[in-house]
Amino acid sequence: MRAAIAAAAVLAAAAGPLVGQEPPRRWLYDGEVGASLSFGATDQVAFTVRSAVDRRLPRVDLLSKWAFDYGEAAEPGKEARVTKRSWGVQVRAPIRTRSGFDPFVSLGGSGSFQQAVDLRVTLGGGVRFRPLDGERTELSVALSGLYERTEPRRSGPEVADPAVEELGRLAADLSFRRRMGERTELSLSALYKPDAADFADFTVESETALTFALNGFTSLKFSLADRYDSRATARGATSNNDGRFYVSLIASNRD
């Protein structure tokens, strides 16, 4: 009996928060659907679908997100052509510490028609620092090292498969969120990933967003998202840069 009680006490201690540590946060689910339109000599339409799940356990954060973007452009008298088609999945697991320096591991996968990438896989780890982690303001900075494997897109059926790119990257990830009043929130994020052996080869992903809560469940979001890949044109893309302004509707559910 004493052994059973001792075992139960150990399991309860492992599952519960540490003494003086904040209790686990509830599950947070975010779903987003957005669109961007432009008219003129070339009519363009693009939409984005995104989702995120965030769970804070007593010692570990489980952060996951996925996204899909699609866009078309059409000129008078011509068929519409695909200008944007990309997807991405990312999972990160930081271990929370009282010092605010949280080690983490991460795994990601993505593909991009407009940047000539069929499949890109990243695996790595690093440290996240949380100088601000309050109810109204959050700021985190993450530094990491990554292994990256990229399978470029074939430019045509008659072209041989391009060479797979494998390299090590450094990564600096900045995330800022500020609640302004009861219904308005400003958020900024930026991810810079240079080649560890050649800083002239790099990628940058950034997003600036202003979100207005419509009620306790839905929000309206205005965002400017931009991605830059210094190798995109070398793989056959029309530009290294890929940016878009979106108007989105977000649905959130806290369990």
Exercise for review: Kindly check whether there is at least one residue in segment 125-141 that is at pLDDT below 90 and farther than 20 Å from L188 by Cα.
Suggested key: no
**Study point:** Tabulated pairs, segment 173-198, first free of Cβ contacts under 8 Å to residues at least 60 places away in the same chain, second part of a strand (DSSP E or B) and among the β-branched types (V, I, T), C-beta under 6 angstrom, 6+ apart or interchain
**Key:** L174/V141; R178/T137; E185/T211; L188/T208; Y192/V204; K193/T203
Practice item. Assess whether E166 counts as being exposed (fewer than 14 other Cβ atoms within 10 Å of the Cβ), out of contact with any Pro (no Cβ under 8 Å at 6 or more places or on another chain) and not in a strand (DSSP E or B). Key: no
Practice item. Identify the residue in segment 182-225 that is of a type in the set (K, R) and at pLDDT 95 or above and, among all such residues, is nearest to the chain's Cα centre (by Cα). Key: K193
Review point. Regarding S239, is this residue surrounded by 15 or more Cβ atoms within 10 Å (Cβ to Cβ) and either at negative phi or not in a loop (DSSP other than H, G, I, E, B) (or both)?
Key: no
Review point. Among (1) over 28 Å from G125 (Cα atoms); (2) touching a strand residue (DSSP E or B) at 6+ places or on another chain (Cβ under 9 Å), which single condition is N215 missing?
Key: (2)
Review point. Would segment 211-224 turn up any residue that is in a loop (DSSP other than H, G, I, E, B), among the polar types (S, T, N, Q), exposed (fewer than 13 other Cβ atoms within 10 Å of the Cβ) and in contact (Cβ under 8 Å) with a residue 40 or more places away in the chain?
Key: no
Check your understanding: What are the residue pairs meeting all of these: first residue in segment 94-107, first residue part of a loop (DSSP other than H, G, I, E, B), second residue among the β-branched types (V, I, T) and at pLDDT 85 or above, Cβ atoms under 7 Å, and 6 or more apart or on different chains?
Key -> R96/V60
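The values are calculated or read from the model by the stated rules, or taken from the named source; none is laboratory data. Computed from a predicted structure; not experimentally measured. Glycine gets a Cβ as well: all are built from the backbone with ideal geometry, and neighbour counts include every protein chain shown.
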